[in-house]
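Here the structure comes first, spelled out in structure tokens, and everything after it is commentary.
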Amino acid sequence: MLDADLLPLSDDRARLRPLALHDAAAYAEGTEDPAVRTHAHLPEPRYTPSSVRAMIRRDVEPGLQRGDLAVLTIADPATDSFAGSLVLFGVRAPEVEVGFWIHPAHRGKGLTAAALELGARFAAGSGLRRLTARTSGHNVASQQVLATSAFELVGHAVETAPDGQLVELLRYERPLGS
């Protein structure tokens, strides 16, 4: 299970913390980006600040309390402002899956790689031994960040994405320190 007591985590490049109600507008705005809409396979077809706040109360907070879902904010370490989302889900000890997206205003700053490092620290601190990730063969940016973040491509298959679509996905794994 994921240990929420380990949060927040930060370094000089990024901060990882639970998604908060004050992030709702930036989260909703980021999900309107065409790249996020195409590649993130988010479970809801559209997000508004109101629907994000409802999601936080209904799914995010209980999931973190149970330890089986962590919808986290990738934040700028200097301002703590929302820059993207990193989600740990599908906990099946000894592994957990990670998904992520970055708001278009914050791309190209190395936040994703930094957030993946913090996410790996969070998962390892929670006693998990492996991170997995899936991405489409068309999502070159995610493939690159996964490769530079110590993830290894281990296979591909047609699978159901979080939005319910059948998609050919590349599967990556990253072992975590004990």
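Values in this text are rule-based calculations from the coordinates and carry no lab data. Values in this document were obtained by computation on a predicted structure and should not be read as measured data. When we count neighbours, we look across all protein chains shown, and the Cβ atoms used for this are built from the backbone with ideal geometry, even at glycine.
Things worth noting here:
- Just one of the numbered conditions (1) touching a helix residue (DSSP H, G or I) at 6+ places or on another chain (Cβ under 8 Å); (2) in contact (Cβ under 8 Å) with a residue 12 or more places away in the chain; (3) surrounded by fewer than 19 Cβ atoms within 10 Å (Cβ to Cβ) is not true of Arg37: (2).
- Among residues of the stretch 152-170 that are more than 18 Å from Val87 (Cβ to Cβ), those with a Cβ under 7 angstrom from a residue that is loosely packed, with under 10 Cβ neighbours inside 10 Å and among the β-branched types (Val, Ile, Thr), sequence gap 6+ or separate chain, pair up as Leu166/Val158; Glu168/Val158.
- Residues (assigned to a helix (DSSP H, G or I), farther than 18 Å from Ile74 by Cα and in contact (Cβ under 8 Å) with a residue 24 or more places away in the chain) located in the stretch 40-56: Ser50
- Among the residues of the stretch 64-89, those identified as over 16 Å from Asp23 (Cα atoms) and surrounded by 15 or more Cβ atoms within 10 Å (Cβ to Cβ) are Leu64, Asp68, Leu69, Leu88, Phe89.
- Residue within the stretch 92-108 that is free of Cβ contacts under 8 Å to residues at least 24 places away in the same chain and under 21 Å from Arg129 (Cα atoms) present: yes
- Exactly one residue out of Leu118, Leu146 is closer than 26 Å to Asp23 by Cβ, of a type outside the set (Ser, Thr, Tyr), free of Cβ contacts under 8 Å to residues at least 60 places away in the same chain and not in a strand (DSSP E or B): that is Leu146.
- If you go through the stretch 133-142 and keep only what is in contact (Cβ under 8 Å) with a residue 40 or more places away in the chain and either surrounded by 17 or more Cβ atoms within 10 Å (Cβ to Cβ) or aromatic (Phe, Trp, Tyr) (or both), you end up with Ala133, Thr135, Ser136, Asn139, Ser142.
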